[in-house]
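*Asks:* Have a look at this one.
Each value in this text was obtained by applying a stated rule to the coordinates, not by laboratory testing. It should be emphasised that the depicted structure is a prediction, and the values quoted were computed from it without experimental measurement. Positions of Cβ are generated from backbone atoms using ideal geometry, with glycine treated the same way; all protein chains shown enter the neighbour counts.
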Amino acid sequence: MKSYVGYDTILKFNEYILNVCTRLLNKGDEKMKELTEEELESYNNCNSCPQCENVFDGDKVRDHDHWTGLYRGPLCNACNLLKRRNNFMPVFFHNLKGYDSHHIISDDKSTNIEKFISFSYYLRDEDRRCEIRFLDSLGFMPSSLDYLSSNLQDDECVITKKYYKDENMFNLLRRKGVYPYDFMDSFEKYSNTELPPIENFYNNLSGENISNENYGYALKVWGETNCKTLEDYTRIYMINDVLLLADVFETFRNVSLKEYKLDPCWYYTSPGLAWDAMLFKTGVKLQTIKDIEMYNFIEKGIRGGMCNAMLRYSKANNKYMSNYNPAEESKYLLYLDANNLYGWAMSQKLPYDDFEFINVEVEMTQKSIKLDKPIYVGMAILDLSKYLMYEFHYDVMLPKYSSNLRLCYQDTDSYIYEIKTDDVYEDMMTIKEHFDFSDYPTDNKLHSVENKKVIGKFKDELNGKIMTEIVAFRPKQYAFKTDDGVESKRNKGVKKNVVKKEMTFDDYKNCLLNYTIERRQQTLFSSSKHQIHTNLVERRQAGKIIKKHKRELEKKREKLRDEMEELHLDKI
């Protein structure tokens, strides 16, 4: 493995990658090596193609790797022709789209598009073309490298173990390291001869410092790897990141090849891989819609889930609360969530063929448009998921509680209800066929494994904790607290660490009831022409805007009430 530290790091990186690709471009096809006795016996005894699973019909051939010449196994001729030598070299970064791509793309190659799922460089000779394809491993595994690498078993760290042959060194460096990102703001600091103090490991983006345990780990790495300068420590840190990412992705790749016989390196993101895995596992043949009118009709029907804040504020009062007032009406706040809503929708019967309009009134001229996406499947999944949510609300909850039920907040797969009743948990037992009680503590009277993780069933998102108060401004902007004093807050557009550490439930409440304006600052990365900047940005929660919207909303509701009353009188 090569490492480099210098002002021209990106230039050296590009030169190295181009050099590797050139060597691959100039490498000829390797002829198949002679089969061993075991390989020959396995080939002769194989009666069906391992790839397409069809029985051989005089078309069995020996498949081999054109890079190494090694025999891979028997295939039918059709599958063998598809396993051609690839003409691209995948290069993976973790978070390429959000950060690393800006460093790689030079100004002369930059475009107005600031974020890429993937991009490529091309090399050509007389009769071949080789592509260097930069890909984002985060598009397949949307978690931090720290989390992903912590889930690796020792026998899965093949590449890391090969690099660190000493067992003690391997055990030390098989986890994600820590690094003083904000402290390293000048090239001269690479010459520092000792690790900076723990306060210099503070991360402005997350608003957090590292733990004493992690700082102790950094000191141990510095000492046991014989680092003399911060440049040495930086090299160790970066090399370790590359090794861990390689092991994480190779483990993921092996699982995909074993379960679906598909190589993630041929895909850009996990949705494309998952789609082909579905086609392979189900064997379904999806109709391609060629009628532009029908295609547009379906496309217009694609709508996401509903998300609304119906009731701005509500406060519970029930016997399970520590400050229960028996003199007041019993009221509960219940947060329900559907188990794997889209998974449930995808498990229903979905359309795949024989589409036609009932009446064709207009014949359209054929146009040259490529309609190769089965968008009707997506529309059906989205509509079925909304159907389940509406069915639960209108056929289960409303008949149960009638006017004693109010919807505070609704998201794609969840409801937050205000319910006036003596005991909502006793009520849930009477309609238990709709619920999954498995996440309740075992000592809770509702605990049951009867519908454990059954898709489409609803569960208490708080697992028995009592919600006492909620403020809901609009979609993705709400806060509630529970009887144990824990606050849960959402504020789309504001970083999670800012919402968690610098905002309180009372801030939301004051904003709503007193029309105050809450301002918070957050540190963000931004890019312009692929030059990355760190900015301090202010976000605010505007109570005056809420007041204006509330006034307008009340006018609309009053008008709607009048219209509904008139409609009711007309029917009588």
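*Asks:* Which value in nm describes the separation of the simple spin-label points at residue 182 and residue 280, placed 7 Å from the Cα toward the beta carbon?
*Replies:* 4.5
*Asks:* Per 0.36 nm of contour for each residue apart, how much would the distance between residue 220 and residue 390 grow if the chain were fully extended, relative to their Cα-Cα spacing? Could you put the intermediate results ahead of the total?
*Replies:* Details: separation 170, 0.36 × 170 = 61.20 nm, distance 5.68 nm.
Residue separation times 0.36 nm, minus the Cα-Cα distance, leaves 55.5 nm.
*Asks:* To the nearest 0.05, what FRET efficiency results for residue 346 and residue 423 with a Förster distance of 41 Å applied to their C-beta separation? Please list the in-between numbers first.
*Replies:* Working: r = 36 Å, r/R0 = 0.88.
Once the sixth-power term is evaluated, E becomes 0.70.
*Asks:* Give the separation of the Cα centroids, the range 479-511 to the range 1-73, in Å.
*Replies:* Using only Cα atoms, the two centres lie 53 Å from each other.
*Asks:* Still on this structure: Suppose each label sits 7 Å from its Cα in the direction of the beta carbon; what would the residue 433-residue 3 distance come out to in nanometres?
*Replies:* Modelled inter-label distance: 6.4 nm.
*Asks:* Taking the Cβ of each residue in 10, 198 as the centre, tally the other Cβ atoms inside 10 Å and list the residues starting with the fewest.
*Replies:* Details: 10 13, 198 18.
With the sparsest Cβ surroundings first, the list reads 10, 198.
*Asks:* Could you check the simple spin-label distance between residue 308 and residue 48, using points 7 Å along Cα→Cβ, in nm with one decimal?
*Replies:* That separation, rounded to one decimal, is 5.2 nm.
*Asks:* Taking the beta-carbon count within 10 Å as an exposure proxy, list 446, 75 from fewest neighbours to most. Display every interim value, and only then the final one.
*Replies:* Details: 446 17, 75 22.
Going from least to most buried by this count: 446, 75.
*Asks:* Okay, next question. Mind giving me the FRET efficiency for residue 18 and residue 82? R0 is 35 Å, r the Cβ-Cβ distance, nearest 0.05 is fine. Don't jump to the answer; show the numbers that get you there.
*Replies:* Values: r = 29 Å, r/R0 = 0.82.
So, using R0 = 35 Å, E works out to roughly 0.75.
*Asks:* Could you please rank 157, 52, placing first whichever residue has the fewest other Cβ atoms within 10 Å of its Cβ? Provide the component values of the computation, followed by the final result.
*Replies:* On the way: 157 23, 52 13.
Least to most surrounded, the residues fall as 52, 157.
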